[in-house]
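Asks: Below is a structure I'd like to ask you about.
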Amino acid sequence: DSGVTQTPKHLITATGQRVTLRCSPRSGDLSVYWYQQSLDQGLQFLIHYYNGEERAKGNILERFSAQQFPDLHSELNLSSLELGDSALYFCASSVGTRDTGELFFGEGSRLTVL
Amino acid sequence: QKEVEQDPGPLSVPEGAIVSLNCTYSNSAFQYFMWYRQYSRKGPELLMYTYSSGNKEDGRFTAQVDKSSKYISLFIRDSQPSDSATYLCALTGGGNKLTFGTGTQLKVEL
């Protein structure tokens with residue numbers, strides 16, 4: 001158990017809908033990262049938050065947004081969903097922002113868009 | 001061309017075999033190299049971490065980095081069925097914005 005909690009584990013929704021994925025980082029970790037994992041693209045970095053502030057953006061679509069709250073949990077909002085958004089969404093956490101390499105991943109939220 | 005290339009497999013080996021997993025990369029800015037292991041229906045977990053060229057050993061696992069060739073490897077000795085998982089290489093120039101390979105699926109058979 002990595003200590004990172006993600007909910008929901010599974011989500012099935014329709015095109016055009018909006019969903020929110022939630023992540024609670026490990027106790028004491030200030031950084032939260034979101035990754036998308038699909039069969040053809042592998043793990044793609046979406047966004048990084050540190051102590052409530054956005055620190056880096058990757059290949060995140062404009063239809064997607066995220067935030068980190070004062071209690072350090074994070075939410076990833078996906079809107080106007082398309083079939084291609086079906087994927088596993090992982091949250092990961094780390095202690096700081098400059099430590100390198102060790103991310104602790106949750107078990108992921110599997111999103112299916114029909 | 002992807003920044004990191006990794007053969008997706010699947011790779012099937014008998015128990016006790018030596019396994020070699022590899023990634024190539026194109027960006028010279030990558031300075032930190034990691035291997036993550038991902039079991040089915042789980043998140044990735046860090047297995048090995050290296051910074052410089054050369055070898056790093058941890059039990060049955062050896063990570064090898066050749067920066068001049070932009071080639072990284074993970075060797076697993078005396079492979080066990082419990083090693084069956086997907087192995088992802090991950091690279092970064094610093095910080096935790098990791099670039100992952102697509103992963104190699106490994107199956108170790110009895």
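Asks: How far apart, in nm, are two points set 7 Å out from the Cα along the Cα-to-Cβ line at residue A:63 and at residue A:12?
Replies: 2.0
Asks: Local charge sum around residue B:47 (other residues, Cβ-Cβ under 12 Å, Lys/Arg +1, Asp/Glu -1)?
Replies: -1
Asks: Just the number: Rg to Rh for the protein assembly as shown, Cα atoms, Kirkwood Rh, two decimals.
Replies: The Rg/Rh ratio comes out at 0.97.
Asks: Scan around residue A:86 for amide H atoms under 5 Å from its own, H built in the peptide plane at 1.01 Å from N, and keep only partners 5 or more places away or cross-chain.
Replies: Here A:113 satisfy the definition.
Asks: So in chain A, what percent of DSSP beta bridges are antiparallel if you round to the nearest 5?
Replies: The antiparallel fraction comes to roughly 90 percent.
Asks: Which pairs in the list B:2/B:56; A:57/B:97; A:9/B:107; A:57/B:2 are over 20 Å apart, alpha-carbon to alpha-carbon? Intermediate results must be reported in sequence, preceding the final value.
Replies: On the way: B:2/B:56 26 Å; A:57/B:97 9 Å; A:9/B:107 25 Å; A:57/B:2 18 Å.
B:2/B:56; A:9/B:107, as the Cα separations exceed 20 Å there.
Asks: Net charge around residue B:23, counting only other residues with Cβ within less than 10 Å of its Cβ (Lys, Arg = +1; Asp, Glu = -1)?
Replies: The answer is -1.
Asks: Using only the heavy atoms of the protein chains and a 1.4 Å probe, how would A:4, A:95 rank by accessible area, largest first?
Replies: A:95, A:4
Asks: Find out how many positive minus negative residues lie around residue A:48, taking Lys and Arg as positive, Asp and Glu as negative, among other residues whose Cβ is under 9 Å from that of residue A:48.
Replies: With Lys, Arg at +1 and Asp, Glu at -1, the neighbours total +2.
Asks: Simple spin-label model, 7 Å along Cα-to-Cβ: residue B:28 to residue A:44 in nm?
Replies: 2.9
The values are calculated or read from the model by the stated rules, or taken from the named source; none is laboratory data. In this text the structure is predicted, and so the values were computed from the model without any measurement. Glycine also receives a Cβ, built like all others from the backbone with ideal geometry; neighbour counts cover every protein chain displayed. Remember, those area values only see protein heavy atoms, side chains included, never the ligands or the DNA or RNA. Shrake-Rupley method; radii C 1.70, N 1.55, O 1.52, S 1.80 Å.
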